[in-house]
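The values are calculated or read from the model by the stated rules, or taken from the named source; none is laboratory data. It should be emphasised that the depicted structure is a prediction, and the values quoted were computed from it without experimental measurement. All Cβ positions, glycine included, derive from the backbone under ideal geometry; neighbour counts span all protein chains shown. When the accessible area is computed, the model is the full protein with side chains, heavy atoms only, and any ligands, DNA or RNA have been set aside. Shrake-Rupley method; radii C 1.70, N 1.55, O 1.52, S 1.80 Å.
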Amino acid sequence: MKQCTHADALPHPEPAPLAPTCPECLRDGTHPVQLRLCLTCGHVGCCDSSPGRHATEHHTRTGHPVMRTFEPGEDWRWCFVDHVLV
């Protein structure tokens, strides 16, 4: 089974969110479907079901590997590089 090779390098404690919602969606006038938090820098971006796919765009631009859901009641994490739940 494939495992994430990046989780051990994440900052502790995890970074504080830089915004309460996706700033790119606000800028573009679109609505985020669900939010994701970058565990490297705290960027908040929308999920791939949103028009802008800003969490994935953030990973592509920065190389930051792991995000977690930023939705109430959820606690999963995703590694963009290894394509696995963390």
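Of note:
- Look at (1) 9.7; (2) 5.6; (3) 7.1: the one that is mean projected area of the Cα convex hull in nm² derived from this structure is (2).
- Loop-located chymotrypsin sites (Phe, Trp or Tyr not before Pro) in segment 29-86 (DSSP state other than H, G, I, E, B) with a sparse environment of at most 13 neighbouring Cβ atoms within 10 Å: Trp76.
- Note on surface exposure: Arg36, Arg27 rank Arg27, Arg36 by accessible area, highest first, 1.4 Å probe.
- Residue of Pro23, Pro51, Pro13 that the Gaussian network model of the chain assigns the largest fluctuation, springs spanning Cα pairs under 10 Å: Pro13
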